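The values are calculated or read from the model by the stated rules, or taken from the named source; none is laboratory data. Since this is a predicted model, take the numbers as computed values, not measurements. Neighbour counts are summed over all protein chains in view; Cβ atoms, including those assigned to glycine, are modelled from backbone coordinates with ideal geometry.
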Amino acid sequence: MTSRFEGSGGLPAWDSVLVVVAHPDDESFGLGAVIDRFVESGATVAVLCFTHGEASTLHGVAGDLRTLRASELADAARVLGISSVRLLDYPDGGLAGIPRDRLADDVAGMAAEMRADGLLVFDSSGVTGHPDHVQATSVATLAGERLGLGVLAWTLPNPVPAQLADEFGAGFTGHDPAEVDLVLPVLRDHQLEAVTCHPSQAVPGSVLWRRLELLGDLEHLRWLRPPDAIQRSPGCPAVVAYIPPGVYCVHSTPTGGPSMCRQVTCRKCGNATWAGCGQHVDQVMRGVPKSKRCACPPTPSLVERLFGGRKAKV
């Protein structure tokens, strides 16, 4: 199979990855694009999910949420290329009341069974602030310490939570660039397909759609328990050695977040185009003949692709 990506994107060279989440859909809405990168790299990816998500306030389709969400998780796992799923039966909204050692035993047991090289989790804040997310990451980190495994966490750049707070009053949390270890270029196609496998939760107007739009084609990761081999580049807040080879510009936006322009290949025509902040297009496209540049029409936005509507303007 031909890879959709160039290089590893800086992800650790793990052959086996255990994803630890609190609820069905966390693996898709939250970690889907990162899981996609691991699967494309050839890694075996498994998911341990602590609850059935039966207490969700969203109910996009009729039926019992406990049953629906278990089926949705299985469908999404197939789309993302996840090899196995272990769905446990802890109470949704009640993980914080379960002893940490008991939950860490669940993680460590599955990690040992599959001979995991590392763990992928939500950030220690839970990203959304949900106490189940916080506890799931806390016990995964504890299991990583027991087994000597690296624990890589998905987070947000600070401007994204700030924007979501302004627009929705949402309590997402993020980090400054100096606290982010890996800025990972991603494609969203498989993630979006996996999200549509969760119709009970993927409802129009959800703040989760807006978060995906604001993130664009980048995800941000940080080490909660770094492997011994990981070292920061001298004088650089992020591990820039993790950024794949290519043409890049990096600067800080007025809101303080990282922004990148880089040269990429159009998946439709195969010619060169750009992605990123849009302020350095001339710089990254310099030297590319006009005949070799992408001339494809603009594509619909994320929400338009899922729910219909007019195409975005240039």
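Values computed for the structure shown
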{"read-out": "Spans of strands (runs of 3 or more DSSP E) in the range 1-99 with at least 2 residues farther than 16 Å from Thr137 by Cβ and touching a residue at least 60 places away in the same chain (Cβ under 8 Å)", "value": "44-51"}
{"read-out": "Matching residues, the range 150-159, being farther than 13 Å from Val19 by Cβ and buried (at least 23 other Cβ atoms within 10 Å of the Cβ)", "value": "Thr155, Leu156, Pro157"}
{"read-out": "Sole residue being crowded, with 24+ Cβ neighbours inside 10 Å and outside any strand (DSSP E or B), chosen from Ala165, Ala140", "value": "Ala140"}
{"read-out": "Lone qualifier among Ala162, Ala202 - being of a type in the set (Gly, Ala, Ser), at pLDDT below 95 and over 17 Å from Ala22 (Cβ atoms)", "value": "Ala202"}
{"read-out": "Of residues in the range 44-82 being buried (at least 23 other Cβ atoms within 10 Å of the Cβ) and among the small types (Gly, Ala, Ser), the one nearest to Val17 (Cα to Cα)", "value": "Ala77"}
{"read-out": "Number of positions in the range 146-162 that are assigned to a helix (DSSP H, G or I) and closer than 30 Å to Ala108 by Cα", "value": "2"}
{"read-out": "Residue in the range 101-119 that is out of contact with any strand residue (DSSP E or B) (no Cβ under 6 Å at 6 or more places or on another chain), among the β-branched types (Val, Ile, Thr) and at pLDDT 95 or above present", "value": "no"}
